[in-house]
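Inspection log for the structure reproduced underneath, given as structure tokens.
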Amino acid sequence: MFSKILIANRGEIAVRVIRACKEMNIRTVAVYSEADRNSLHVRLADEAVCIGGPKAEQSYLNIPSIISAAEIADVDGIHPGYGFLSQNAHFAEICESCNITFIGPTAQSIRLMGDKIAAKDLMRKTGIPIIPGSMSAVRNKEDALKTARRINYPVIVKAAAGGGGRGMRVCHNDVRLISALMTCQAEAEASFGNSDVFVEKYLEEPRHIEFQIMADRAGHTIHLGERDCTIQRRHQKLIEESPSPVVDVKLRRKMGELAVRAAKAANYTSAGTVEFLLDKDGSFYFIEMNTRIQVEHPVTEMVTGLDLIREQIRMAAGESLGMKQDDVRLDGWAIECRVNAEDPANGFSPCPGRIASYHEPGGRGVRVDTHIFAGYEVPPYYDSLLAKLITTGETRQEAIRVMQRALDEFFIEPLRTTIPLHKQIFSDPTFWRGQIATDYIDRQLQQQTGETE
Ligand code: ADP
């Protein structure tokens, strides 16, 4: 087992990893940017090293600086969290070459799944349904138009290296497709350093259903059930729940088996997520595999009773899974809201600033994963996630009721946050009935403001 782990991240996930390490009796090293000097992860870790300026490129994406900190602190493992370097194959290789275990999958799996075109190709060969579309990167407008003729509009242009819901464009006709192709290529190059894009059929009103995978280094792979992440804004998740209101035992078994098969095909080890879109007619398709711990992992923890970070650390240390698929028990219902420092009434513009007063909900069935506190200054440099509010109940209705009262108890003043939007969603009968698709929020907002994309 590891004796000391460096957490190459910040915010709530750094705190989350430190908590797991403490419970496992592993020492922790926090790294922080100049903007994060007074952060909770810095206070909670056993040691802390400043790794650079406020911008992510100067600090949390600065590989030489992080590796120096790891060597000076003499750690034997690095946990990358999510975002930043978590899906950077080069970083995973550097860690290994410095004899520091990267707590995640191999660089090879990260690289393979980090290219959505290669990942889809592998899944097709493995017999996993994929969304019809181009089989390789689309180089020019003729390629794109040919694909659109074959699969019919609407189509979506996506960056092969895309993530975080960025670099995607939905197109309903040739003119839109040609302009989307150019903007997507340019955006993909600027954001991901890879201009490859592809075109696939755009599914209308699907649900986003993903499976949590756990795989040890001896080749045992299981899934921990699904998460329904259908509530999104502009392809970014806002609310996640487990189980899904639309997945029954039979469908869970079928999708779960395919998710495990997908992970095995990628020689996957560690915690990972196989994402599917579930179409209105009940068919489902692989969209991508995320090779890291996900923001929404707590809902799976709440229904399985497992600590996924602990499992991830154990797998990285070479320990075996210790459970079979049949041992996995899914109990009750869990829902997570992402509380972001964004103003839903003003185009979700970021709202950083100082938190003057803070009150966190508690009581039965409530879990809050956060790094914020009264007096904390939310810096403008990073993503806007302030807290994850997770509630549980025996049934979905109970988890929703707990969520409603927990949202009423949550005060983060004077910042503008997504809490009012969450309150609105949780009181909507359509949401209660679970009759939702990925366009739910954008539609609701359009109805309220008359805004169109
Ligand atoms: P990212 O890696 O940026 O998260 P994904 O490929 O996982 O991108 O897709 C994110 C979301 O975008 C999905 O959950 C879904 O809402 C939407 N999306 C992606 N591909 C399609 C598609 N072919 N049809 C409809 N929606 C899609």
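The values are calculated or read from the model by the stated rules, or taken from the named source; none is laboratory data. Not measured: the values here are computed from a predicted model. As a convention, Cβ positions derive from the backbone with ideal geometry for all residues, glycine included, and neighbour counts pool all protein chains shown. Accessible surface areas use protein heavy atoms only, side chains included; no ligands, DNA or RNA. Shrake-Rupley method; radii C 1.70, N 1.55, O 1.52, S 1.80 Å.
Details
- Three-way shape call for the chain based on the alpha-carbon gyration tensor, with the a/c threshold at 1.5: rounded
- Whole-number percent relative contact order across the stretch 48-103, with pairs defined as alpha carbons under 8 Å at least 6 apart: 30 percent
- Mean separation of Cα contacts under 8 Å (6+ apart) over length of the chain, as relative contact order %: 14 percent
- Positive-end residue of Val157, Gln185, Ser195, charge dipole of the stretch 132-201 with Cβ unit charges: Val157
- The dipole here belongs to the chain: it is taken about the Cα centre, uses +1 on the Cβ of Lys and Arg and -1 on the Cβ of Asp and Glu, and is about 780 debye.
- Electrostatic dipole magnitude of the stretch 183-329 [Cβ: Lys, Arg +1; Asp, Glu -1; Cα centre; debye, to 20]: 360 debye
- Using a cut-off of 20 Å between Cα atoms, the listed pairs Lys4/Lys264; Lys254/Lys280; Lys250/Lys388; Lys158/Lys201; Lys116/Lys388 include Lys4/Lys264; Lys250/Lys388; Lys116/Lys388 as exceeding that distance.
- Dipole in debye (nearest 20) - the stretch 252-379, about Cα centre, beta carbon charges: Lys, Arg +1; Asp, Glu -1: 340 debye
- Protein heavy-atom accessible surface, 1.4 Å probe, per residue over the chain: 42 Å².
- Over the stretch 132-201, Cα pairs under 8 Å with separation of 6+ residues give a relative contact order of 44 percent.
- Taking the protein heavy atoms of the chain in the context of the full set of protein chains, the accessible area attributed to carbon and sulfur is 47 percent at 1.4 Å.
- By the rule of a C-alpha distance below 19 Å, with chain neighbours fewer than 8 residues away ignored, the aspartates and glutamates paired with Lys22 are Glu12, Asp46, Glu47, Asp74, Asp76, Glu301, Asp307, Glu311, Glu319, Asp369.
- P(r) histogram, all alpha-carbon pairs of the stretch 132-201 included - 10 Å bins from 0, percent: 25, 59, 16
- The alpha-carbon atoms of the stretch 4-103, seen along their principal axes, cover 31, 29, 23 angstrom, with the largest extent given first.
- Length gained on full extension, Gln397 to Glu413, computed as 0.36 nm times the residue gap minus the Cα-Cα distance: 2.9 nm.
- Selected from Ala70, Ser283, His359, residue furthest toward positive end of dipole (the chain; charges at beta carbon): Ser283
- For a modelled paramagnetic label at Lys141, 7 Å from Cα along Cα-to-Cβ, the residues of the stretch 172-200 in reach, with backbone nitrogen under 11 Å, are 174-182.
- Residue among Val299, Met403, Ile222 farthest towards the positive dipole end of the stretch 207-449, charges placed on Cβ: Ile222
- Between Ser283 and Gln404, the modelled labels are 3.9 nm apart [label points 7 Å from Cα along Cα→Cβ].
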